Amino acid sequence: MEKETLLKIEKLFAHYGKNRVLEGVDIAVGKGEIAALTGPNGSGKSTLLKAIFGLIPIQSGRVFWQGKPIIPQTMLMVDAGIAFVPQGRRVFPHLTVEENLEMGGFTLQNKRELEARKKEAMEIFPVLSAKRKAKAGTLSGGEQQMAALARGLMTHPKLLLLDEPTLGLASDLVDEVFAWIQKINHIYETAFIVVEHNTASLLAIAHQVFMIDKGELAVCGNHLI
């Protein structure tokens, strides 16, 4: 059965100054799908994630969220159900693990709901519960990546954008990262768009593959049936 389309992008163009980066990209991601976004360095993969999340302006093209047109703006995308975890294990190093999670749930108005979301996140990543009062900057690389992913889950996103989640991690942690992605996908039916240099590991769990080359969509298709 065909899955409900969450995100659809049509003919998206985006520039950095005078440099054209995305040249009419078309993609669609369904509910609960893991989409691999691959391509050479500098091809526009990270730019596409940032454009979806409203971090860079779109010159032209259309973005649809759950069938309705939307103009990407960061707060609007968060409210709509999209979260973004940038590359480089971006934690707030001088805040505790618990405070980092609270930053991820800053839009939640109900304190009881915030506490429930923190508990859920720490159940997925039990190591974080044991280190909830530790400064995030003192964590290992793998633990910081857990904290970044957990922070992204605080709003219960329908779509999570991950930019190079295994960047800089030891090889024995790479498989763990993809196991976390599968676990989150299974528990919450969260959809993902993942940019990743460990292509083989990503393709092992991806439902769809999009390859960008020189700012254009070169390959797309279903991967897992």
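For the reader, a short list of remarks on this structure follows.
- Ranked by the mean number of other Cβ atoms within 10 Å of their residues, highest first, the peptides 28-36, 130-138 come out as 28-36, 130-138.
- Debye, to nearest 20: dipole size of the range 1-119, +1 on Lys, Arg Cβ, -1 on Asp, Glu Cβ: 180
- Contact order relative to length of the chain, as percent, for alpha carbon pairs under 8 angstrom and 6 or more apart: 29
- Farthest towards the positive end of the charge dipole of the range 125-167, among the residues Ala136, Pro157, Met146, is the Cα of Ala136, using unit charges on the Cβ of Lys, Arg, Asp and Glu.
- Over the chain: Rg over Rh, Cα atoms, Kirkwood Rh: 0.95
- As a length-normalised measure over Cα pairs under 8 Å and 6 or more apart, the relative contact order of the range 68-154 settles at 43 percent.
- Long pairs among Lys8/Lys50; Lys135/Lys183; Lys50/Lys214, criterion Cα-Cα beyond 23 Å: Lys135/Lys183
- Mean ellipticity per residue at 222 nm, deg cm²/dmol - from DSSP H runs of n ≥ 4 across the chain, formula -39500 (n - 2.57): -10000 deg cm²/dmol
- Partners for Lys131 among lysines (Cα-Cα distance below 20 Å; same-chain residues under 8 apart left out): Lys118, Lys119
Read-outs: derived from the displayed coordinates by stated rules, not from any lab. Values in this document were obtained by computation on a predicted structure and should not be read as measured data. Cβ: placed from backbone, ideal geometry, glycine included. Neighbour counts: every protein chain shown.
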